[in-house]
1. Using only protein heavy atoms and a 1.4 Å probe, report how much of residue 266 is accessible, in Å² to the nearest 10.
2. Express the accessible area of the range 299-444 per residue in Å², computed with a 1.4 Å probe while the remaining protein chains stay in the model.
3. When the helix-only estimate is applied to the chain (DSSP H runs of n ≥ 4, each -39,500 (n - 2.57), divided by the residue count), what is the mean residue ellipticity at 222 nm, nearest 500 deg cm²/dmol?
4. For the peptides 226-232, 62-68, what is the packing order when you average, over each peptide's residues, the other Cβ atoms within 10 Å and list the highest mean first?
5. Collect residues whose amide H, placed 1.01 Å from N in the peptide plane, falls under 5 Å from the amide H of residue 340; neighbours closer than 5 in sequence don't count.
6. What are the ³J(HN,Hα) values, in whole Hz, obtained from phi via the Karplus relation 6.51 cos²θ - 1.76 cosθ + 1.60 with θ = phi - 60°, for each residue of the range 684-690 in sequence order, with x given for Gly and Pro?
7. Take every Cα pair under 8 Å in the range 170-328 that's 6+ residues apart, average their separations, divide by the length, and report that relative contact order as a whole percent.
8. In the full protein assembly as shown, how much of residue 177 is accessible to a 1.4 Å probe, in Å² to the nearest 10?
Amino acid sequence: MFATQSFMSHNPNLEQALKYYFGYDSFRLGQREIVEQALQNRDLLVVMPTGGGKSLCFQLPALLKQGLTVVVSPLIALMQDQVEALRDNGIAATFLNSSLNAYKVRSREEYILSGKVKLLYVAPERLLSERFLPFLDLVHHQVGISALAIDEAHCVSEWGHDFRPEYRQLKSLRKRYPDIPVFALTATATERVRTDIIQQLGLNQPNIHIASFNRTNLYYEVRSKTKHTYAELLELIRETEGSGIVYCLTRKKVDELTLKLQHDKISVLPYHAGLTDEERSKNQTRFIRDDVRVMVATIAFGMGINKPDVRFVIHFDIPRNLESYYQESGRAGRDGEPSRCTLFYSYSDVKTIEFLINQKPDPQEQLIAKQQLRQMIDYTEGTDCRRTIQLGYFGERFAGNCDGCDNCRYPKPIEDWTIEAMKFLSCVARCKERFGMGHIIDVLRGAKTQKITQYEHDKLSTYGIGKDKTADEWRILGRSLLHQGLLEQTSDGYAVLKLNALSWEVMRRQRIVSIAVPVVQKITWEEGNEKATEVELLLQRLRSLRKQIADAQSVPPYVIFADSTLKLMAQIQPRTLTEFSKLSGVVSHKVSQYGEKFLAEIRAYRQEQGLIEQNSSPFFGLPSDTELLTLQLHQQGLSVTEIAAKRNLRPTTIIRHLCDLIEKNQSVDLNLLVPVDKQQKILQVLEILGDISLTPIKEYLGDSYSFDEIRLIREKWRRESQK
Ligand code: ADP
Ligand code: ZN
């Protein structure tokens with residue numbers, strides 16, 4: 001099995017342990033300190049956002065300590081996932097839950113008592129069962145229990161979003177084994193829940209770690225719903241690679257949208273409480289295993305799943321409150337890779353939710369729900385940095401300008417719409433404050449509806465005075481007037497527009513109305529990188545190889561390798577097992593298990609692309625034949641495009657040749673390739689930033705510098721700094 005002891009005896013360094021067991025090069029913020037304290041047997045409360053890397057905080061200590069760490073985890077699916085991932089890293093982990101038959105349980109128990117298991121996952125109800133406690137005593141006695149890790153610890157609190165009464169009884173374990181340290185972990189941010197966890201679990205002067213809730217890899221955006229929303233959604237799904245979730249408010253909407261998307265050839269399945277348990281779990285598994293790309297779901301979906309490579313979460317309807325939105329959208333990008341969170345917003349959805357809230361019997365509950373909804377609306381309509389608003393909700397201050405939200409990247413211009421506001425409000429007045437927004441807009445735009453004829457509103461002076469603006473624009477104005485308090489609306493379910501004192505000030509021209517106008521734009525989200533297409537091609541091949549291997553073992557693909565590791569593979573294109581083992585996320589177990597397969601795929605790809613020749617030495621030494629040919633043409637004065645055309649290769653391939661030639665100390669005339677002043681500037685930046693990837697260098701230099709120019713000069717700089 002696994003050589004924990006021998007590892008410890010000659011290598012107590014934590015970074016090395018991290019690489020050894022998990023394949024990562026460095027700890028994330030906070031992880032190291034937590035691991036150190038865990039090793040000192042302190043009680044711990046770890047609050048980290050989803051994807052922050054909580055599991056490692058108890059898994060690594062478990063591997064470094066004597067005995068067994070017992071992990072309490074509320075959901076069977078989650079448990080299986082984690083154990084699969086650990087085993088695939090060559091770590092001795094197992095679980096006990098109701099999905100196992102008596103025979104399996106017994107053999108696992110024996111295995112545990114043999115002392116070979118480091119991590120045992122259990123559901124809380126089992127932990128406290130009559131049969132299990134004596135077993136645990138035995139383990140404690142024979143093998144030792146190194147810690148009790150309680151995952152999703154907020155389940156102990158009634159103030160959290162998924163209270164589980166069984167969690168309350170965990171305190172009795174603390175009493176039974178007072179010497180075993182307890183680690184509580186959660187992603188729930190509120191103060192109240194934290195206090196509750198400490199009390200209810202009986203933590204003993206715990207060290208408390210609260211990480212920032214800023215999920216820097218997530219891009220947040222809000223889009224208003226229009227007639228074209230479905231088309232927009234479709235485009236979003238098509239242009240974003242990888243898995244995604246689309247949340248809808250109701251089962252009916254889930255079913256409708258699923259059908260539509262299926263009709264448009266998107267690989268998608270539904271998930272909601274109306275399906276049978278079997279269907280739900282089947283759909284979920286297919287999603288986790290990448291058999292299907294998109295889930296359309298009610299918020300019932302996602303709680304128990306731990307799919308780290310969800311690349312987008314789209315809320316097709318407004319969530320009930322900001323905390324839910326944070327948690328639900330947070331299911332994107334748990335692996336730290338860039339991911340996108342889009343919220344489609346419409347005022348009529350708000351009305352639906354308001355209506356639902358009004359059905360609640362308890363007035364206090366109604367009040368809270370309405371207040372939360374209000375905050376949600378402020379988030380969607382706000383023009384401030386979305387992160388500032390979200391984090392502010394959790395009591396965390398954030399300065400804004402995150403460059404990772406629509407408001408920061410595309411600030412909405414503020415325009416003076418006083419005249420439009422006057423038209424709108426006087427139309428409300430002429431209609432005697434007895435109609436909702438839809439009708440007012442119809443009148444402004446001179447529509448010919450039955451209602452207009454019936455009330456003779458086509459005779460009003462405001463009939464048709466707003467033809468110059470679209471209905472959507474009028475709606476934006478109308479909502480903004482409501483939010484700025486320049487107009488009122490009844491909350492009896494009819495949403496009749498009513499004027500107030502401020503409305504009259506506007507109509508008397510005593511008040512200016514400014515609104516943030518949404519800019520219509522096609523958002524290009526991913527940074528443009530010319531190498532991207534090439535890497536992308538290889539990445540696709542590596543993905544399908546990963547999928548094949550995963551299917552053969554019946555595990556989700558991310559268990560084999562994380563997306564980030566696959567990307568590194570495509571970028572770095574390792575040629576030997578040693579190079580392969582250096583990639584972040586690769587442990588030695590995986591090198592021996594999958595290394596050759598992936599190397600072969602990379603080799604095949606490189607061969608097809610004309611990137612390697614038989615005799616070429618990969619890193620140093622002599623140029624290959626194909627490189628020499630490029631060099632000849634370059635020395636004859638041909639440009640990169642000309643060489644590419646002549647050789648029937650892509651320009652990026654030629655650039656790569658030139659880079660390799662520079663590396664191999666061949667005389668490439670850079671002055672023919674990059675203007676001298678640019679060369680100097682790039683060199684300066686390299687001196688400041690060091691040897692890093694191209695994108696940040698390009699960001700620093702601006703658009704007038706191409707990736708190729710930077711790549712060439714970086715090669716020269718590398719060459720020279722080696723001397
Ligand atoms: P949480 O439980 O906090 O939501 P996880 O423990 O599932 O988060 O970790 C999220 C992702 O981050 C996982 O894919 C995990 O493998 C990865 N991860 C954790 N720690 C590191 C690290 N130090 N370096 C790189 N990746 C990490
Ligand atoms: Zn921002």
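1. For residue 266, the solvent-accessible surface is approximately 20 Å².
2. 40
3. Dividing the helical sum by the residues of the chain leaves -15000 deg cm²/dmol.
4. In decreasing order of mean packing, 226-232, 62-68 become 62-68, 226-232.
5. Long-range HN contacts for residue 340: 219, 312, 313.
6. Result, ordered by residue: 4, 5, 5, 4, 6, 8, x Hz.
7. Once divided by the residue count of the range 170-328, the mean separation gives 24 percent.
8. Accessible area, nearest 10 Å²: 20 Å².
The values are calculated or read from the model by the stated rules, or taken from the named source; none is laboratory data. It should be emphasised that the depicted structure is a prediction, and the values quoted were computed from it without experimental measurement. Backbone-built Cβ (ideal geometry, glycine too); neighbour counts: all protein chains shown. These accessible areas exclude ligands, DNA and RNA; they are computed on the full protein's heavy atoms, side chains included. Shrake-Rupley method; radii C 1.70, N 1.55, O 1.52, S 1.80 Å.
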